[in-house]
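Peer 1: Encoded as structure tokens, here's the structure I'll be asking about.
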Amino acid sequence: MKSLAVKTFLTAEELEFRTMVRRFMKDELQPLVPQMEKDGRPPMSLFKRMGDLDLLGTYLPVEYGGSGGSLMTRAIVAEETARVNAGLDATIFVNIGLVAKHLAKYGTEAQKEKYLRPLITGEACASICLTEPTGGSDALSPRTTAKKVGGDWVIKGHKTFITNAPIAQFFLVFTRTSGENRRAHGGTCFIVDANTPGVSVGQPFDKLCLRSSPTSEIFFDDVRVPESQILGEAEMGFYIMLDGLDVERVFEGACNTGIAQACLDIAAPYANERKVFGKKIADYQMIQDKIARMAAGIEISRTMFYHLVRAAERGERMSNEASMLKLYSSEVAVMASREAVQILGGYGLMEEYQVARLYRDAKHHEIGAGTSEIMKLIIHKETMKQYDLA
Ligand SMILES: Cc1cc2nc3c(=O)[nH]c(=O)nc-3n(C[C@H](O)[C@H](O)[C@H](O)COP(=O)(O)OP(=O)(O)OC[C@H]3O[C@@H](n4cnc5c(N)ncnc54)[C@H](O)[C@@H]3O)c2cc1C
């Protein structure tokens, strides 16, 4: 059964692509998931395989190995990946949805050749380093600094909760180079190779969620890099970060929809088969309530994320709507995973049935890439502006 959102927003070509991606995830990703969750990382061969099948650089420039397709193709890969393993989606989200996107837009030819191409072919992983131990929500107030010494820059600081850090070959590092905290001007973004002297990566965190996606701290102890490692212009780095936020939150909507859909895919057939007190549990109204709310939340999230992907393709601004999508779709994913566990009863708590993992993974999305509280602050501010009250 196709949702009306799918029929309304996807072209025939995108539908075909979606079928191919879904088949890949089921046949090639699904069997790897238990081991990836245990290992705390995906195998590099999986990225290479996805690169060979053109599943990574779908919307990135053809000159660097991408397919030059619509932004929607990236959203399709995100939703279908998260439907099978949200950890892998988080890792690819950083590589492709953030780092590669910034490199494609702001990188020099040499930077694109060296750093963008291997992300698209699946031969490299990367990280985006913003959050620090002193806080992630106040993203424009990093304590990590970079100072010009001779012709080079020297970076000093400490980042935490960095997705892919233990497996990345390079990092995009946001530093304060001048100006005051909370000001967008005065930040500089550097491309730092993981093997640069002075860089050290902590042990992977043992975390509740996204266990197949490694996360750790990174320390920058007087790390010297040449001017050519600046992404974009010096002092303009925070604008790069802010420029990507709307689309980042739309991709979050894709991921949340994937997680919620996976929950329904497991819970609905289970409810139809499981018999308690002589009747299948799908006949009980309290179970029907759960399935109805899951289905409604999924369709509304999917409609909004497709709608916003199309708006992003047209180049429209959408901070308010993208925040609404992130807030709402993460609540749907958390609700759907909680209800799926409940429908499965004791089996829901057993790893074998997957909803336990989905329950853990969903929670991440109320925190990562901007917490629900921060989304509400943005929505409130934008709403008050409509009444000239901001
Ligand atoms: C698994 C994982 C992967 C991550 N990957 C990356 C990554 O790759 N790169 C990266 O840079 N970061 C990454 N992060 C960091 C993530 O973006 C931050 O955790 C998030 O932005 C919140 O920051 P914080 O954890 O420091 O919480 P804080 O900013 O300390 O916030 C703590 C609490 O206070 C609330 N709060 C803060 N300010 C306000 C306010 N004004 N009003 C009301 N409530 C408020 C928050 O909503 C939250 O509930 C990752 C985090 C996780 C858990």
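The values are calculated or read from the model by the stated rules, or taken from the named source; none is laboratory data. Note that the structure is a prediction, hence the values are computed from the model and not measured. Neighbour counts run over all protein chains shown; Cβ positions are idealised from the backbone, glycine included. Heads up: the accessible areas ignore ligands, DNA and RNA and are worked out on the full protein's heavy atoms, side chains in. Shrake-Rupley method; radii C 1.70, N 1.55, O 1.52, S 1.80 Å.
Peer 1: So, in region 157-177, of the ones that are free of Cβ contacts under 8 Å to residues at least 60 places away in the same chain and small (G, A, S), which residue ends up nearest to the ligand (Cβ to nearest atom)?
Peer 2: A165
Residues checked against (1) more than 19 Å from the chain's Cα centre (by Cα); (2) on the phi < 0 side of the Ramachandran plot; (3) part of a helix (DSSP H, G or I); (4) of a type in the set (S, T, N, Q):
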{"residue": "G253", "(1), (2), (3), (4)": "no, yes, yes, no"}
{"residue": "L264", "(1), (2), (3), (4)": "yes, yes, yes, no"}
{"residue": "P269", "(1), (2), (3), (4)": "yes, yes, yes, no"}
{"residue": "A282", "(1), (2), (3), (4)": "yes, yes, yes, no"}
{"residue": "D289", "(1), (2), (3), (4)": "yes, yes, yes, no"}
{"residue": "A292", "(1), (2), (3), (4)": "yes, yes, yes, no"}
{"residue": "E316", "(1), (2), (3), (4)": "yes, yes, no, no"}
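Peer 1: Looking for whichever is part of a loop (DSSP other than H, G, I, E, B), hydrophobic (A, V, I, L, M, F, W, C) and more than 24 Å from E37 (Cα to Cα) here; the options are A184, A146. Which one fits?
Peer 2: A184
Peer 1: Then there is this: Cβ contacts < 9 Å: first residue not assigned by TED's automatic domain parsing to the domain that holds G368 and of a type in the set (S, T, N, Q), restricted to region 320-340; second residue buried (at least 24 other Cβ atoms within 10 Å of the Cβ) and at pLDDT below 95, any location; separation 6+ or different chain. Result?
Peer 2: none
Peer 1: When you go through (1) farther than 29 Å from L140 by Cα; (2) in contact with a helix residue (DSSP H, G or I) (Cβ under 8 Å, 6 or more places away or on another chain); (3) open to solvent by 50 Å² or more (accessible area, probe 1.4 Å) one by one for A336, which number turns out not to apply?
Peer 2: So A336 meets the others, but not (3).
Peer 1: State whether one or more residues within region 195-206 are in contact (Cβ under 8 Å) with a residue 12 or more places away in the chain, open to solvent by 20 Å² or more (accessible area, probe 1.4 Å) and under 19 Å from D89 (Cα atoms).
Peer 2: Within region 195-206 (the criterion being in contact (Cβ under 8 Å) with a residue 12 or more places away in the chain, open to solvent by 20 Å² or more (accessible area, probe 1.4 Å) and under 19 Å from D89 (Cα atoms)), the answer is yes, since at least one residue qualifies.
Peer 1: So for region 107-117 (the condition being of a type outside the set (S, T, N, Q), assigned by TED's automatic domain parsing to the domain that holds S216 and closer than 28 Å to Y64 by Cβ), does at least one residue qualify?
Peer 2: no
Peer 1: Output the residue which, of all residues in region 361-390 that are within 30 Å of E273 (Cβ to Cβ), open to solvent by less than 30 Å² (accessible area, probe 1.4 Å) and in a helix (DSSP H, G or I), is farthest from the ligand (Cβ to nearest atom).
Peer 2: Across region 361-390, the extreme among qualifying residues is A362.
Peer 1: Please count how many residues of region 293-319 are open to solvent by less than 60 Å² (accessible area, probe 1.4 Å) and either free of Cβ contacts under 8 Å to residues at least 12 places away in the same chain or of a type in the set (V, I, T) (or both).
Peer 2: 5
Peer 1: Has region 67-74 got any residue that is more than 16 Å from the ligand (Cβ to nearest atom), in a helix (DSSP H, G or I) and more than 23 Å from S213 (Cβ to Cβ)?
Peer 2: Yes, that holds for at least one residue.
Peer 1: Checking the condition more than 16 Å from the ligand (Cβ to nearest atom), open to solvent by 30 Å² or more (accessible area, probe 1.4 Å) and under 18 Å from I230 (Cβ atoms), which residue from T121, T108 passes?
Peer 2: T108
Peer 1: Related question: Determine if region 223-241 includes at least one residue that is within 14 Å of the ligand (Cβ to nearest atom), small (G, A, S) and surrounded by fewer than 24 Cβ atoms within 10 Å (Cβ to Cβ).
Peer 2: no
Peer 1: A further question follows. Restricting attention to region 207-222, and to residues there that are assigned to a strand (DSSP E or B) and open to solvent by less than 20 Å² (accessible area, probe 1.4 Å), which single residue is nearest to the ligand (Cβ to nearest atom)?
Peer 2: Per the criteria, the residue is T215.
Peer 1: Anything in region 349-360 that is part of a helix (DSSP H, G or I), of a type outside the set (D, E) and either on the phi > 0 side of the Ramachandran plot or surrounded by fewer than 23 Cβ atoms within 10 Å (Cβ to Cβ) (or both)? List them, or say none.
Peer 2: L349, Y353, A356, R360
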